[in-house]
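Please read the structure below before turning to the comments.
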Amino acid sequence: MSPDPGSPITHEDFPAFLMNVPLFLATDVPNNVWMQEMSEEARRLDRSKALAQFRRVYEFLAARAVVYLLPSTRGLQDQTYVANLAVVLPHTPERRVVISNFRSEPRRGEREAGVAFFEQMGLAFDVAPPFFEGEADLKYVRENLYIGAHGLRTSREALDWFEERFDMEVIPFEMENEYLYHLDCSVFPITRKEVMVCTEMAAPATLKAIEKHVDVIDVDLDDAESGITNCVRVGDSVLCASSLAALPAEHEDYPYEKRKVERLEAICRDRDLTPVFFDLSEFQKSGAMLSCMVMHLNYNNF
């Protein structure tokens, strides 16, 4: 469809994001390995707590950016994880949106809701071929350069389609670890010239291709599994999930969380950035971290 050139938020010079209030968040269908390894009791949600945790992230972002809210649809248990809904391509003249074509069956209904929202917003969009799972699997670096996941949720054919359809360079990053099933679990462009990468998860050719364009900040597997790359940057703040403040020191996860927090603090300190941590324990019951809950509508966030 054609965009209205006078209105699209994708063209404005202030940061803009999309979120979705978790009114119908559920964990009934365990559709990733994190959920499958939890008992039903461990996955049981406290909806009031989830809404309070969501609100803290929303309020922080809304004080620094425009944050649109995607209408909630009953029956879509993962709709609040809007990073999988679509991706905006800032290198295209119309800032085109590409809506996902989900491999995960419980999420396929999200596409229709996404189409309706982006039509109402007056944004130019395409629907990706099978399979593609949004910004979480296609990270924008700069100009027409992206890093794209394939192998678990997004197909290599989808990445080829992006390159051909939109005249862009996509560095393919094969996903093999089921605990790091989207690219945002292993890759975070923290600046336009530096990318945090779990290098243990990158094939040598992939790592070499990334290093041709940017400096790589290595993060280890334990920190990646703790969510160190599942971040969102706005201004000089780097938002990340952490339950460290709520964990007793004897908890089995405490040393991993502590190390992740200290590592991210060090990375940010060296770049005059400020890490901001949010307890998202209810969303971790879906196997999700902070970046899952936020989609960029433009890339003017830093």
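The values are calculated or read from the model by the stated rules, or taken from the named source; none is laboratory data. Small disclaimer: the values here were computed from a predicted structure and weren't measured. All Cβ positions, glycine included, derive from the backbone under ideal geometry; neighbour counts span all protein chains shown. In case anyone asks, the SASA skips ligands and DNA or RNA and just uses the protein heavy atoms, side chains included. Shrake-Rupley method; radii C 1.70, N 1.55, O 1.52, S 1.80 Å.
Set side by side, the residues Glu164, Glu135, Glu169 differ, and just one is surrounded by fewer than 17 Cβ atoms within 10 Å (Cβ to Cβ) and closer than 21 Å to Thr10 by Cα, which is Glu169. The conditions of being open to solvent by 40 Å² or more (accessible area, probe 1.4 Å), touching a strand residue (DSSP E or B) at 6+ places or on another chain (Cβ under 8 Å) and hydrophobic (A, V, I, L, M, F, W, C) are not met by Val141.
Restricting Val98, Val57, Val82, Val87 to residues that are touching a Gly at 6+ places or on another chain (Cβ under 6 Å) and open to solvent by less than 20 Å² (accessible area, probe 1.4 Å) narrows the list to Val87. Listed conditions (1) touching a strand residue (DSSP E or B) at 6+ places or on another chain (Cβ under 8 Å); (2) small (Gly, Ala, Ser); (3) closer than 26 Å to Ser48 by Cα are all met by Ala209, apart from (3). Taken over region 112-126, the residue count meeting the criterion of being touching a residue at least 60 places away in the same chain (Cβ under 8 Å), in contact with a strand residue (DSSP E or B) (Cβ under 7 Å, 6 or more places away or on another chain) and open to solvent by 10 Å² or more (accessible area, probe 1.4 Å) is 1. For region 71-111, taking the residues that are free of Cβ contacts under 8 Å to residues at least 60 places away in the same chain and of a type in the set (D, E, K, R), the one that is farthest from Ala124 (Cα to Cα) is identified as Arg74. Where strands (runs of 3 or more DSSP E) sit wholly within region 219-302, those with at least 1 residues that are open to solvent by less than 60 Å² (accessible area, probe 1.4 Å) and charged (D, E, K, R) occupy 232-234. Looking for something over 23 Å from Leu85 (Cα atoms), in a helix (DSSP H, G or I), open to solvent by 60 Å² or more (accessible area, probe 1.4 Å) and not basic (Lys, Arg) - is there at least one such residue anywhere in region 18-36? Within region 18-36, not a single residue is over 23 Å from Leu85 (Cα atoms), in a helix (DSSP H, G or I), open to solvent by 60 Å² or more (accessible area, probe 1.4 Å) and not basic (Lys, Arg). Among the numbered conditions (1) in contact with a Phe, Trp or Tyr (Cβ under 8 Å, 6 or more places away or on another chain); (2) over 24 Å from Leu290 (Cα atoms); (3) not charged (D, E, K, R), the only one that Pro130 does not meet is (1).
Looking at this structure, is Ser7 assigned to a loop (DSSP other than H, G, I, E, B), at pLDDT below 95 and open to solvent by 70 Å² or more (accessible area, probe 1.4 Å)? When the stated conditions are applied, Ser7 does not pass them.
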